[in-house]
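What follows draws every value from the coordinates through simple rules; no lab data is involved. The structure presented is a predicted model; accordingly, all values stated were derived computationally and were not measured. Here the Cβ is made from the backbone with ideal geometry for all residues, glycine too, and neighbour counts use every protein chain on show.
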Amino acid sequence: MTAHHLGVETVDKSVASRFAPSPTGLLHRGHALSAVTAWRLARAAGGRFVLRIEDIDTTRCRPEFEAAIMEDMAWLGLDWDGPVWRQSERGPVYAAALDQLVAQGVAYPCFCTRSDIAAAASAPHGPEGPVYPGTCRRLDPATRAARLATERPAWRLDVAAALAITGPLRWHDEREGWQVADAMAGGDIVIARRDIGTAYALAVVVDDAAQGITDVVRGVDLFGATHVQVLLQALLGLPTPRYHHHRLLTGPDGRRLAKRDAGETLAALRAGGLTAAQLLASL
Ligand code: GLU
């Protein structure tokens, strides 16, 4: 019998997807859509599915929300391979990636406060809010050195300098097709926060590569964030996965679901008597 008859031609053990929630609140139906889509993609290919807790923001993450994520995954019947990764345990790896970017001359320290940035009158807005006006990129070396000696900075990516190294980049979205990475639109994003020493964009690309993720499944709200993640991958010599940005689910009021919508959390729906099968069928 040939491989075709056995149906094994679809088995691709190199495929790996992940569910990467932040334990800052209870999961809602939109998270279930991300988790089950990523799980099915991996399982259909005979590949790996991993669970990664994105808890770098120690000011907002809570252990009870991580416990709730585990309960929700068990209820949904979604199993994962290998140990659960916690980003809070990987600070030195992100610090090494930041050092690499600093050595490449594409990261600079930023001493601006939120109100400094908001006050920059003409600040245009990108997908993630006001675009940083580049104040600290233009600091003269002596001032920068003096401030570095006494202040703890955030670190920003010098997007123009980075693109000068990488040249134009492309990435693929399953629904939208090939995209030209438009990293300039978001401006010089923070790649290491002053308080926690890293930031989402840096940690996510480092971990997607470290876990061998071939397929990133997540909500379309993160579509715009992908451009700069692809730029970071190119700078750090990491592969770019395939992206699957799915639609966002809305609540009864037509607004997109957020962690604040208490009635739409998986915990509340379960408590109300909904079964996992009913929930999955409704997505
Ligand atoms: N941790 C992010 C969130 O919970 C998801 C990151 C990602 O999937 O790339 O919104």
Stick to Cα atoms and the Kirkwood definition of Rh, then tell me Rg/Rh for the range 80-167. 1.04
Could you tell me how many cubic angstrom of Cα convex hull volume the range 116-261 has per residue? 159 Å³
Note down the relative contact order for the chain as a percent, whole number, built from C-alpha pairs under 8 angstrom at least six residues apart. 23 percent
With only alpha-carbon atoms counted, please give the Rg and Dmax of the chain, in Å. 20.4, 73
Determine, for HIS172, HIS246, the number of other Cβ atoms within 10 Å of each Cβ, and report the residues in order from fewest to most. HIS172, HIS246
In 5 Å bins starting at zero, report the fraction of Cα pairs in the range 219-283 per bin as a rounded %. 3, 13, 17, 18, 14, 10, 10, 9, 4, 1
Dipole moment magnitude, nearest 20 debye, the chain about Cα centre, only Lys, Arg, Asp, Glu C-beta charged: 260 debye
Relative to the longest principal Cα axis of the chain, at what angle does helix 200-210 sit, 0 to 90 degrees, rounded to 10? 60 degrees
State the answer as a single residue: which of ALA262, ALA183, PRO241 lies farthest towards the positive end of the charge dipole of the range 155-283, with beta carbon charges of +1 for Lys and Arg and -1 for Asp and Glu, about the Cα centre. ALA262
Could you tell me, in Å, what Rg and Dmax come out for the Cα atoms of the range 20-164? 19.9, 57
Could you let me know the centre-to-centre spacing of the range 255-283 and the range 53-89, using Cα atoms, in angstrom? 18 Å
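From the C-alpha gyration tensor of the range 169-216, pull out the three semi-axes of the equivalent ellipsoid (sqrt of 5λ each), sorted largest to smallest, in whole Å.
For the range 169-216, the ellipsoid semi-axes come out as 23, 17, 7 Å.
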In percent, how large is the relative contact order of the range 43-104, given Cα pairs closer than 8 Å and 6 or more residues apart? 47 percent
Computed Kirkwood radius, in angstrom, where 1/r is averaged over Cα pairs of the range 20-92: 12.8 Å
With the dipole of the chain defined by +1 on each Lys or Arg Cβ and -1 on each Asp or Glu Cβ, the option from ALA142, TRP171, ALA276 whose Cα lies farthest towards the positive pole is ALA142
Can you list, by residue number, the Cys in the chain that have no neighbouring cysteine C-beta under 4.7 Å? CYS61, CYS112
Looking at the chain, which longest stretch skips every one of the trypsin sites (Lys or Arg not before Pro) that is in a DSSP loop with at most 13 other Cβ atoms within 10 Å, leaving the sites themselves out? 61-174
Among 162-168, 261-267, what's the highest-first ranking by average C-beta atoms within 10 angstrom per residue? 261-267, 162-168
How large is the charge dipole for the range 56-198, taken about the Cα centre, if only the Cβ atoms of Lys, Arg (+1) and Asp, Glu (-1) carry charge, to the nearest 20 debye? 800 debye
Subtract the Cα-Cα distance of HIS172 and ARG60 from 0.36 nm times their separation in residues, and report this length gain in nm to one decimal. 37.1 nm
For the range 17-79, with the dipole built from +1 on Lys and Arg beta-carbon atoms and -1 on Asp and Glu ones, taken about the Cα centre, which of ALA32, ILE69, ALA42 lies farthest toward the positive end? ALA42
